[in-house]
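For reference, the structure is listed below as structure tokens.
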Amino acid sequence: MAEDGFDANKKSFEKEDVVERIDKKDTAADAAPANREQTASNYAAERAKKIERYVQWACMIADNNMHGYSQGAENATANHPYTGSREGPDFDCSSLVYHALDHAGLPIIEAWRKNPECYDRYQGKQATGDADTIWLDMQTIGGFTKYSWNAVKNDLQRGDILCYPEAHVAIYIGNGKTVEARGVNNPHGGAWRTGDQGGEIDYYDAYGRSWTEVYRYTGGDRQ
């Protein structure tokens, strides 16, 4: 009897142990989708935070008239007598975007310095790239997706980088507006001296322009 009782108890313990292991397995299986959802949520929140950082930084520059448009004194000509530096306090269209992204923790300036064009064009002396190099540098750091303008023009998102690689680049801030370094000869006025004498770095309509590409920070989300 004792042996039979012992065996019965042992079998009972074994059944309980199996049930407990199954329960734990089911709990882990149930938790997996929740964990994935939480991870995706964390990535989305971090992406949004970085976008907001570079948008707000560019807007801060536009709102302060000590920052105007310049391609740097080293690039001055008789017709374009630039003064100062394009790396701050003044900026041109691409250096503004490079510095904004870098400020948000996206190391695009470091990527530019490793870009062969940095040396082929400027012997390594220009700290940030141009409108036609920014996509290559975005590919180097990762996290950006390129769209044609026509594909997404009706669904632009805050933080999209609007680009006409041959000439110009800007940051879309929402409500049909950009923040951008537009130059001295812009619709709001300007002058060649340092600082903003009108609308050298300002807010402009995004539409009715010559954009051909849109670079969207998707953050390399793990879907």
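The values are calculated or read from the model by the stated rules, or taken from the named source; none is laboratory data. Everything numeric here is computed off the predicted structure, so don't read it as measured data. Ideal geometry is used to build each Cβ from the backbone, glycine not excepted, and the neighbour counts take in all protein chains shown. For the accessible areas, the whole protein counts, side chains as well, though only heavy atoms, and no ligand, DNA or RNA atoms are used. Shrake-Rupley method; radii C 1.70, N 1.55, O 1.52, S 1.80 Å.
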Candidate set: the range 156-213, residues that are aliphatic (A, V, I, L, M) and surrounded by fewer than 19 Cβ atoms within 10 Å (Cβ to Cβ); chosen: the one nearest to Asp137 (Cα to Cα) = Ala167
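Whether any residue in the range 183-193 is in contact with a Leu (Cβ under 9 Å, 6 or more places away or on another chain) and on the phi < 0 side of the Ramachandran plot is what I want to check.
no
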inquiry  = Can you report the number of residues in the range 31-61 which are modelled with pLDDT under 90 and either within 30 Å of Asp90 (Cβ to Cβ) or among the polar types (S, T, N, Q) (or both)?
reply    = 5
note = Scanning the range 147-181 for residues that are in contact with a His (Cβ under 9 Å, 6 or more places away or on another chain) and more than 19 Å from Arg86 (Cα to Cα) gives Leu162
task = Could you please find all residues in the range 105-146 being open to solvent by 50 Å² or more (accessible area, probe 1.4 Å) and more than 14 Å from the chain's Cα centre (by Cα)?
result = Glu110, Arg113, Lys114, Pro116, Glu117, Tyr119, Asp120, Arg121, Tyr122, Gln123, Lys125, Asp132
query = Quick check: anything in the range 62-80 open to solvent by less than 10 Å² (accessible area, probe 1.4 Å), modelled with pLDDT under 95 and not charged (D, E, K, R)?
reply = yes
